[in-house]
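Engineer: A single structure is presented below for examination.
Bear in mind these aren't lab numbers, they're just calculated from the coordinates by the rules spelled out. Just so it is clear, the model here is predicted, and its values are computed rather than measured. Because the Cβ atoms are built from the backbone with ideal geometry, glycine has one as well, and the counts that use them run over all protein chains shown.
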Amino acid sequence: MTKLAALAVLFLALGLSLAGCEKKQTASSPEAPKVTVAKPLSEKIVDWDDYIGRFEAVQTVEIRPRVSGYLVNVHFQDGQKVKKGDLLFTIDQRPFIAALDAARGQLAEIQATLANLEIQLARQKKLVANRTVSQQKYDDTQAQVNAAVAQLKAQEADVHAAQLNVDFTEIRSPIDGKVSYRRVDVGNAVKSDDTLLTTVTSVDPIHFVFQGSEAQYLKYQRQHAGGRDDGTPVRIRLQDENSYDWNGHLDFVDTMIDTGSGTIRGRAVVDNPKGFLVPGMFGHLELQASDPYTALMIPDTAVATLAGNRVVYIVESDGTVDFKRIELGPLHEGLRVIRSGITENDRVIVDGQQRARPGAKVQAEMTTITLPGSTAAEASASGSPAAE
């Protein structure tokens with residue numbers, strides 16, 4: 001082999017070696033990262049504002065006696081449901097019945113005296129015309145009749161008061177509701193308008209009371225053109241519940257803001273036919289904050305922060321990653337409402353944002369955003385993303 005031929009073989013071998021290295025390097029170069037994208041879910045929804053509060057009875061009445069005396073009977077079981085007018089307690093009636101009888105006796109005496117005086121006055125009226133009785137005597141009898149009429153009215157009032165005292169010995173429920181436990185047992189003396197015997201609390205409906213900020217109050221006032229909207233729907237969940245199963249409506253907003261806390265008192269009324277809700281219970285209330293509107297929603301995890309702005313990453317049709325600034329709305333059933341910044345046709349990266357860089361290429365796999373509990377949501381959870 002000549003020297004020239006040997007060099008040719010050497011360059012050929014070197015070229016094949018370099019080609020092999022280049023091929024190996026190309027094969028090991030990284031592929032475009034994979035991400036999961038979805039178009040925003042478009043649904044008609046209603047915004048709700050959250051509050052924490054407690055239940056209060058619509059009516060609570062402290063039962064106290066109207067007359068003093070000894071308690072002789074209790075007519076209920078502790079915690080019993082009662083109707084308006086049901087008998088709760090009886091105070092010894094005998095002293096009051098005796099006083100009523102005495103007042104009636106005096107009334108009968110005055111009535112008899114008045115009847116006699118009226119007969120005398122009628123007789124004297126005829127005699128005055130014949131000048132048999134003086135005008136003075138007639139005038140005196142007339143005065144006695146007038147005085148007896150006044151005494152009669154006063155005594156009738158005394159009889160009525162004595163009858164009221166007898167009636168007050170039977171203490172009845174002034175409202176429908178549940179009676180608490182008895183504070184006084186039979187045989188004890190009770191004092192008029194002082195001794196607390198028990199309380200009666202209304203059951204159905206029941207109030208839910210909460211505090212709202214001045215900013216929220218202003219928002220509602222502007223939404224309703226400065227007027228109150230006492231029919232605004234509310235829904236409530238209890239401490240051990242995951243869903244808002246108790247429904248009601250706003251029925252009162254206070255007339256002034258507390259200068260100490262900067263809040264205003266609101267109140268909702270809730271049906272409670274079975275009496276399950278009791279005063280003092282805490283709960284979480286959602287107050288309807290908007291009329292129904294069409295919203296775009298994405299998973300809250302798809303929202304990122306870039307240079308102090310809230311953004312979402314999207315994938316263009318050529319596979320290039322870009323981002324859009326957005327305005328956030330409230331959460332709705334686990335999804336974040338997007339007020340502005342995206343359209344319903346944008347392909348938003350909902351998984352794999354950490355592998356996406358603006359301007360870089362990605363491999364996008366399409367899925368579907370659904371509300372929790374829907375059929376599509378169950379399919380997605382089982383690992384069956386929808387095809388683009």
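Engineer: Could you go through the range 46-55 in sequence order and give the Karplus-derived ³J(HN,Hα) for each residue, using 6.51 cos²θ - 1.76 cosθ + 1.60 with θ = phi - 60°, rounded to whole Hz, and x for Gly and Pro?
Structural biologist: Karplus-based 3J(HN,Hα) across the range 46-55 equals 10, 7, 10, 9, 9, 9, 10, x, 9, 7 Hz.
Engineer: From the phi of every residue in the range 181-193, what ³J(HN,Hα) in whole Hz does the Karplus formula 6.51 cos²θ - 1.76 cosθ + 1.60 yield, where θ is phi - 60° and glycine or proline is x?
Structural biologist: 7, 6, 8, 10, 8, 4, x, 8, 7, 10, 10, 4, 6
Engineer: Still on this structure, please answer the following. Highest mean first, how do 304-317, 253-266 rank when packing is the count of other Cβ atoms within 10 Å averaged over residues?
Structural biologist: Details: 304-317: 14.7, 253-266: 12.9.
Peptide ranking by packing, descending: 304-317, 253-266.
Engineer: Explain nothing, just the number: relative contact order of the range 94-168, from Cα pairs under 8 Å at least 6 residues apart, as a whole percent.
Structural biologist: Details: 45 pairs, mean separation 40.2, N = 75.
It rounds to 54 percent for the range 94-168.
Engineer: May I ask you to derive the FRET efficiency for Asp50 and Asn73 from their Cβ-Cβ distance with R0 = 56 Å, giving the value to the nearest 0.05? Show your work: numbers first, answer last.
Structural biologist: Numbers: r = 50 Å, r/R0 = 0.89.
Working from the Cβ atoms, E equals 0.65.
Engineer: Residues with amide H under 5 Å of Phe323's amide H, sequence separation 5 or more or different chain, H placed in the peptide plane at 1.01 Å from N; which?
Structural biologist: It is Ile314, by chain and number.
Engineer: If one computes the Cα centroid of the range 140-202 and of the range 308-323, what distance in Å separates the two points?
Structural biologist: 81 Å
Engineer: For the range 214-309, compute the orientation-averaged projected area of the C-alpha convex hull (one quarter of its surface), in nm².
Structural biologist: 10.0 nm²
Engineer: Here's a follow-up. State the extension gain, in nm to one decimal, for the chain segment bounded by Asn130 and Asp176, taking 0.36 nm per residue of separation less the distance between their alpha-carbons. It would help to have the intermediate numbers written out before the result.
Structural biologist: Values: separation 46, 0.36 × 46 = 16.56 nm, distance 6.94 nm.
That works out to 9.6 nm of additional length.
Engineer: Convex hull over the alpha-carbon atoms of the range 94-168: what's its volume per residue in Å³? List each step's numbers first, then the result.
Structural biologist: Values: hull volume 4.4 nm³, N = 75.
Taking only Cα atoms, the range 94-168 has a hull volume of 58 Å³ per residue.
Engineer: Under the Karplus relation 6.51 cos²θ - 1.76 cosθ + 1.60, θ = phi - 60°, what is the ordered set of whole-Hz ³J(HN,Hα) values for the range 272-280, x standing for Gly and Pro?
Structural biologist: 9, x, 9, x, 5, 7, 10, x, x
Engineer: Relative to the longest principal Cα axis of the chain, at what angle does helix 135-168 sit, 0 to 90 degrees, rounded to 10?
Structural biologist: The helix 135-168 is inclined about 40 degrees to the chain.
Engineer: Evaluate 2.2 N^0.38 Å with N set to the residue count of the range 64-118, then give the Cα radius of gyration divided by it.
Structural biologist: 1.83
Engineer: Which entries of Lys191/Lys274; Lys34/Lys324; Lys44/Lys361; Lys83/Lys274 show an alpha-carbon separation above 24 angstrom in the structure shown?
Structural biologist: Too far apart for the 24 Å limit: Lys191/Lys274; Lys44/Lys361.
Engineer: Give, in nm to one decimal, the length gained when the segment between Asp240 and Asp86 is fully stretched (0.36 nm per residue of separation minus the Cα-Cα distance). Show your work: numbers first, answer last.
Structural biologist: Values: separation 154, 0.36 × 154 = 55.44 nm, distance 3.56 nm.
Additional length available on full extension: 51.9 nm.
Engineer: Starting from 0.36 nm per residue, how many nanometres of slack lie between Arg123 and Asp300 once their C-alpha separation is accounted for? Mind showing how you got there, number by number?
Structural biologist: Details: separation 177, 0.36 × 177 = 63.72 nm, distance 10.38 nm.
Extra length from Arg123 to Asp300 when fully extended: 53.3 nm.
Engineer: Same structure again: Taking the chain as the region of interest, what is the percent of Cα-Cα pairs per 20 angstrom bin, listed from the shortest bin to the one with the maximum distance?
Structural biologist: Going from the shortest bin to the longest, the percentages are 17, 25, 21, 16, 10, 6, 2, 1, 1, 0.
Engineer: What is the set of long-range amide H partners of Val350 at a cut-off below 5 Å, with H atoms built 1.01 Å from backbone N?
Structural biologist: Thr36, Val37, Ala38
Engineer: Given H placed 1.01 Å from N in the peptide plane, which residues other than close sequence neighbours of Gln59 have an amide H under 5 Å from its amide H?
Structural biologist: Ser202
Engineer: Contact order normalised by length for the chain, with contacts defined as Cα pairs under 8 Å and 6 or more residues apart; what percent is it? It would help to have the intermediate numbers written out before the result.
Structural biologist: Working: 708 pairs, mean separation 102.3, N = 388.
Computed over the chain, the figure is 26 percent.
Engineer: Can you tell me the FRET efficiency between Phe252 and Asp318 if r is taken as the Cβ-Cβ distance and R0 is 56 Å, rounded to the nearest 0.05? Write out the running numbers ahead of the final one.
Structural biologist: Working: r = 58 Å, r/R0 = 1.04.
For R0 = 56 Å, the calculated efficiency reads 0.45.
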